[in-house]
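Colleague: Below is the structure I would like to discuss, written out as structure tokens.
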Amino acid sequence: MRQWRSIAREAVAQVSIVVKFLSFLHVTDSYLFSFTHVLGPSMLPTLNINGDVVLVEHLSHRIGKVGAGDLVLVRSPLDPRKTLTKRILAVEGDKVTFCLDPPRDPTRDYRSRSLVVPKGHVWIQGDNWYASTDSRHFGPVPYGLIQGKVFLRVWPPNSFGSLGQ
Amino acid sequence: MEQLYIYSEKPLFALCYPQICRHCCYCNVLLVERISIRTGKLRPGDVVILRSPQTPRKIICKRLIGMEGDQVTYVVDPKNSDRCKTIVVPKGHVWVEGDYIYDSKDSRNFGAVPYGLLEGRAFWTLLPRKDFGSLAPKPKS
């Protein structure tokens, strides 16, 4: 009887270590930093088409320190299960001028529209305007959809470094 | 069942005007679950809590009226006229409205809300004691 009790006590101790570790991992992943694999052509040349592993921090957007020029992870307004990686070009109150099809001749900008980003929203755009579905198609997105800020590229190792403005 | 949200904004079925008597607004404590949001098992008529699209720090509590693709008819300005408008909820969005449409800032003001802003579904009232129990379906006007 005493043997079973000591075995049970040891089992509980071991399991509690594992549970604590998993909780710590979950809290860090959700609220501090996480690694994300991003791929696609919409952020060339900043991010590779075949995929990069980047470090994302989840603190700045909670305290409102995410602004124009930042690379962010945003939940797609068209498909809530998808997460997009785009750059914020304008925040609430800014005026945005954009063309849906970037013209070959930059001096002629037909189909150019401008609008003011409404309250509580941001304007996101991919760096590769020719292959990106972003705010030019679905409009400004609410700030609450921002999941985190990308700040470091971890993989591939030859392009390890911070991803700035 | 993850968190208890305590909010002290306009209660769901109030008839008092908050501008006139602020002390009429009491606290409701609701039990909120997040599983339905993740699995997508929401239906029109559910009470949901979501992040406000205009003030990202605020969490608001409204009733789900339409999912993506649904046709929604709503009264544009119930205080002044009976004019109705019908729209189709765009892809990836939901239409939310407060129960007391005379004094509610909801999708009639800020448009359809992206599904990603939904935080949870409220299914049980804890406080006040007289309202303890599951949340009632939308009262017929």
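The values are calculated or read from the model by the stated rules, or taken from the named source; none is laboratory data. Source: prediction; values computed, not measured. Note that we place each Cβ from the backbone using ideal geometry, even for glycine, and neighbour counts take in every protein chain shown.
Colleague: Would you mention how many residues in segment A:127-150 are closer than 22 Å to A:L59 by Cα and more than 12 Å from every other protein chain (Cβ to nearest Cβ)?
Modeller: Total meeting the criteria: 3.
Colleague: Out of the residues in segment A:59-88 that are over 11 Å from A:V150 (Cβ atoms) and more than 14 Å from chain B (Cβ to nearest Cβ), state the one that is surrounded by the fewest Cβ atoms within 10 Å (Cβ to Cβ).
Modeller: Among those that are over 11 Å from A:V150 (Cβ atoms) and more than 14 Å from chain B (Cβ to nearest Cβ), it is A:G69.
Colleague: Any idea which of (1) outside any strand (DSSP E or B); (2) more than 21 Å from B:R57 (Cβ to Cβ) is the one B:T125 doesn't satisfy?
Modeller: Checking B:T125 against (1) outside any strand (DSSP E or B); (2) more than 21 Å from B:R57 (Cβ to Cβ), the one that fails is (1).
Colleague: Then there's this: Looking at segment A:37-53, can you tell me whether even one residue there is within 14 Å of chain B (Cβ to nearest Cβ) and in contact (Cβ under 8 Å) with a residue 40 or more places away in the chain?
Modeller: no
Colleague: In addition: Which members of segment A:134-154 meet the condition of being among the polar types (S, T, N, Q) and in contact with a Phe, Trp or Tyr (Cβ under 9 Å, 6 or more places away or on another chain)?
Modeller: Once the filter is applied, which keeps residues that are among the polar types (S, T, N, Q) and in contact with a Phe, Trp or Tyr (Cβ under 9 Å, 6 or more places away or on another chain), segment A:134-154 yields only A:S135.
Colleague: Just to be sure before I move on: is B:P137 away from every other protein chain (no Cβ under 14 Å), more than 16 Å from B:V47 (Cα to Cα), in contact (Cβ under 8 Å) with a residue 40 or more places away in the chain and not acidic (D, E) in the structure I sent?
Modeller: No, not satisfied.
Colleague: Would segment A:16-31 turn up any residue that is out of contact with any Phe, Trp or Tyr (no Cβ under 6 Å at 6 or more places or on another chain), charged (D, E, K, R) and either in contact (Cβ under 8 Å) with a residue 60 or more places away in the chain or loosely packed, with under 12 Cβ neighbours inside 10 Å (or both)? Write out each step before concluding.
Modeller: Here is the first cut: in segment A:16-31, the residues out of contact with any Phe, Trp or Tyr (no Cβ under 6 Å at 6 or more places or on another chain) are A:16-31.
Filter again for charged (D, E, K, R), leaving A:20, A:29.
From what's left, either in contact (Cβ under 8 Å) with a residue 60 or more places away in the chain or loosely packed, with under 12 Cβ neighbours inside 10 Å (or both): A:20.
Yes, segment A:16-31 contains at least one residue that is out of contact with any Phe, Trp or Tyr (no Cβ under 6 Å at 6 or more places or on another chain), charged (D, E, K, R) and either in contact (Cβ under 8 Å) with a residue 60 or more places away in the chain or loosely packed, with under 12 Cβ neighbours inside 10 Å (or both).
The rows are residues; the columns are (1) in contact with a Leu (Cβ under 7 Å, 6 or more places away or on another chain); (2) under 23 Å from A:P142 (Cβ atoms); (3) at pLDDT below 90.
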| site | (1), (2), (3) |
| --- | --- |
| B:Y7 | no, yes, yes |
| B:C25 | no, no, yes |
| B:R63 | no, yes, no |
| B:E68 | no, yes, no |
| B:V72 | no, yes, no |
| B:V88 | no, yes, no |
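Colleague: Looking for whichever is part of a helix (DSSP H, G or I) and free of Cβ contacts under 8 Å to residues at least 24 places away in the same chain here; the options are B:K130, B:K79, B:K85. Which one fits? Write out each step before concluding.
Modeller: Values: B:K79 fails: part of a helix (DSSP H, G or I); B:K85 fails: part of a helix (DSSP H, G or I).
Sole residue among the options that is part of a helix (DSSP H, G or I) and free of Cβ contacts under 8 Å to residues at least 24 places away in the same chain: B:K130.
Colleague: For segment B:27-61, which residues satisfy the criterion of being surrounded by 21 or more Cβ atoms within 10 Å (Cβ to Cβ), at pLDDT 90 or above and touching a Pro at 6+ places or on another chain (Cβ under 6 Å)?
Modeller: B:P53
Colleague: Does A:I49 satisfy the condition of being out of contact with any strand residue (DSSP E or B) (no Cβ under 8 Å at 6 or more places or on another chain), more than 30 Å from B:I59 (Cα to Cα) and assigned to a loop (DSSP other than H, G, I, E, B)?
Modeller: yes
Colleague: Looking at A:V72, A:V54, A:V96, A:V66, can you tell me which residue is at pLDDT 85 or above and part of a loop (DSSP other than H, G, I, E, B)? Walk me through how you get there before you give the answer.
Modeller: Values: A:V72 fails: part of a loop (DSSP other than H, G, I, E, B); A:V54 fails: part of a loop (DSSP other than H, G, I, E, B); A:V96 fails: part of a loop (DSSP other than H, G, I, E, B).
Answer to the selection: A:V66.
Colleague: Still on this structure, please answer the following. Counting only residues that are at pLDDT 90 or above and within 15 Å of the chain's Cα centre (by Cα), give me the strands (runs of 3 or more DSSP E) lying completely in segment A:110-160 with at least 1 of them. Let's see the steps before the verdict.
Modeller: On the way: elements: A:112-116, A:121-125, A:146-155.
Correct list: A:121-125, A:146-155.
Colleague: While we're here: Quick one: in segment B:90-109, of everything that is in a helix (DSSP H, G or I) and over 15 Å from B:C61 (Cβ atoms), which residue is modelled with the lowest pLDDT?
Modeller: B:Y102
Colleague: Residues that are buried (at least 16 other Cβ atoms within 10 Å of the Cβ), within 14 Å of chain A (Cβ to nearest Cβ) and hydroxyl-bearing (S, T, Y): does segment B:93-106 have at least one?
Modeller: No, segment B:93-106 contains no residue that is buried (at least 16 other Cβ atoms within 10 Å of the Cβ), within 14 Å of chain A (Cβ to nearest Cβ) and hydroxyl-bearing (S, T, Y).
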